[in-house]
């Protein structure tokens, strides 16, 4: 059974919150590295959170099986971007992952089929 981990981006500029469900299977080490990178990001360097002391990115501990994620995506609200997005594939993190890489759903571009 494939499981997905919840990654959330709060985008103040768009006034939206986006949840990306990242495939865990085969990506355990990459997700651990992503968690470390997110912990080290300077919130003041973000495009839309200049006055914030909190990062707009959260990699939660929660995981859900694929069938649950599929339902969340099916009933997702759509604004600037869907409120829930399933991100399958292999996570490939660049050497320097910066806020610009992750901004506005950039996390999904770090996964390859």
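The values are calculated or read from the model by the stated rules, or taken from the named source; none is laboratory data. Keep in mind the model is a prediction, meaning the values are calculated, not measured. Because the Cβ atoms are built from the backbone with ideal geometry, glycine has one as well, and the counts that use them run over all protein chains shown.
Within the range 19-33, none of the residues are outside any strand (DSSP E or B) and modelled with pLDDT under 90. Annotation note: Cβ proximity below 6 Å between a residue of the range 69-81 that is within 18 Å of residue 103 (Cα to Cα) and a residue that is in a loop (DSSP other than H, G, I, E, B) (sequence gap 6+ or interchain) occurs for 80/14.
Residues in the range 89-104 that are surrounded by 17 or more Cβ atoms within 10 Å (Cβ to Cβ) and either touching a strand residue (DSSP E or B) at 6+ places or on another chain (Cβ under 9 Å) or modelled with pLDDT of 90 or more (or both): 91, 99, 102, 103.
Of 63, 69, all but one fail to be out of contact with any helix residue (DSSP H, G or I) (no Cβ under 9 Å at 6 or more places or on another chain), in a strand (DSSP E or B) and surrounded by 11 or more Cβ atoms within 10 Å (Cβ to Cβ); the exception is 63.
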